[in-house]
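The block underneath contains the structure these notes are about, expressed in structure tokens.
Please treat every number below as a calculation from the coordinates, not as lab data. The shown structure was predicted, so the numbers you read here are calculated from the model rather than taken from an experiment. Virtual Cβ from ideal backbone geometry, glycine too; neighbours counted across all protein chains shown.
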Amino acid sequence: MFDVIIIGAGPAGMAAAIYAGRAKLDTLLLEKEFAGGQVAKTYEVANYPGIAAIIGPDLALQMQEHAKVFGISPVVEEVTEVQLEGKTKIVKTRKHTYESKTVIIATGANWKELGLPMERTLRGKGVSYCATCDGAFFDGKVTAIVGGGDTAVEDAIFLARHSPKVYVIHRRNQFRAAKVLQEKLFEQPNVEVLWDTEVLEIIGDDTVKGIRIKNNKNGEMKELEIEGLFVAIGTIPNGALFTGKVAMDEVGYIQAGEDCKTDVPGVFVAGDLRRKVLMQIITAAADGAVALYGVEKFIIEEYDQIVG
């Protein structure tokens, strides 16, 4: 019987593991692939406090090594089933069945991709899914952003502070974003909106050099010379395993407040699978700490167990 099982070893899960180790809780950290989550797929991170610049996989490794200091390493097993109701939580993988007093769900979310041939190859080399994370790398460089919701428009406004020219590419003829955001965007003199347009190809070998676009209304095709392509068409929560187990919103994000508590006692959610304003490494790590604090309080109250 573990004190806590953490599902997912991204920044949220790793932070929870570090705090669990410091609290001397009997902890199991499960990860189906490799520690770090989206961080391990990020070329460079420059907005994590105390670290001016670091390659994403290196930051993921540092987090993993930090957890090892407290005796916790990720166990590479994919969770296939969970039973969260009742006092004892059951987590099954293909190899084992584990029991725990509490569970922290930290399986995150993935950015939606355009699905273009060079997109993954050039990720972190001009292709990005987070303008607030990577926009500063493009000072003085021409950029483009794809999307029409709040995030895309907010990101375009942010990029306009860094780029001499920002193209906003949207496949429809109007934005879904809030009117106040649209008004602010249209005030930016260096932003050009390309309506009814989609990206057909990303041009570049080692870095992004441009994109080929098509106007779906008149069929016109042309190339834009850019150095940064930002994709803001939404995220896909990795929460299918927990459908019907905890309360979720209509998209599939687990519902929980800033205390990271789900509607099931003893079950917490941390990181990008929790619906929140800002999805970044620092907010995921903060969630992990908050969730583990909730775990400690739950164990003390429900099990009369001394923690730490």
(message) Students often check this: by mean Cβ neighbours within 10 Å, which of 240-248, 97-105 ranks highest, and how do the rest follow?
(response) 97-105, 240-248
(message) If I require 18 Å or longer along the helix axis, counting alpha carbons, and a Kyte-Doolittle average no lower than 0.5, what helices from the chain are left? Use full DSSP H segments.
(response) 281-303
(message) I need the GluC sites (Glu not before Pro) found in region 226-272, filtered to DSSP loop residues with at most 13 other beta carbons within 10 Å of theirs.
(response) E250, E258
(request) Based on other C-beta atoms within 10 Å, arrange M63, M118, M1 from fewest to most. (result) M1, M118, M63
(request) Please sort by residue number the GluC sites (Glu not before Pro) in region 130-215 whose DSSP state is loop and whose Cβ has at most 12 other Cβ atoms within 10 Å. (result) E187
(request) May I ask you to derive the relative contact order of region 113-231, considering only C-alpha pairs under 8 Å and at least 6 residues apart, and to give it as an integer percent? (result) 32
(message) Using Cα-Cα distances under 8 Å and only pairs 6 or more residues apart, what relative contact order does region 7-158 have, in percent?
(response) 22
(request) Output the pairs from K125/K217; K92/K297; K68/K125 with a Cα-Cα distance over 29 Å in this structure; if there are none, say none. (result) K125/K217; K68/K125
(request) Would you work out the relative contact order for the chain, in percent, from Cα pairs under 8 angstrom that are 6 or more residues apart? (result) 21
(request) Rank the residues C130, C260 as a footprinting-exposure proxy: fewest other Cβ atoms within 10 Å of their Cβ go first. (result) C130, C260
(request) Count the DSSP beta bridges whose two residues both fall in the chain, then state the antiparallel fraction as a percent rounded to the nearest 5. (result) 45
(request) Compute all pairwise cysteine Cβ distances in the chain, then list the cysteines with no distance under 4.7 Å to another cysteine. (result) C260
(request) Go from 0 up to the bin containing the longest alpha carbon distance in region 114-207, width 5 Å each, and give me the % of pairs per bin. (result) 3, 14, 25, 26, 20, 9, 3, 0
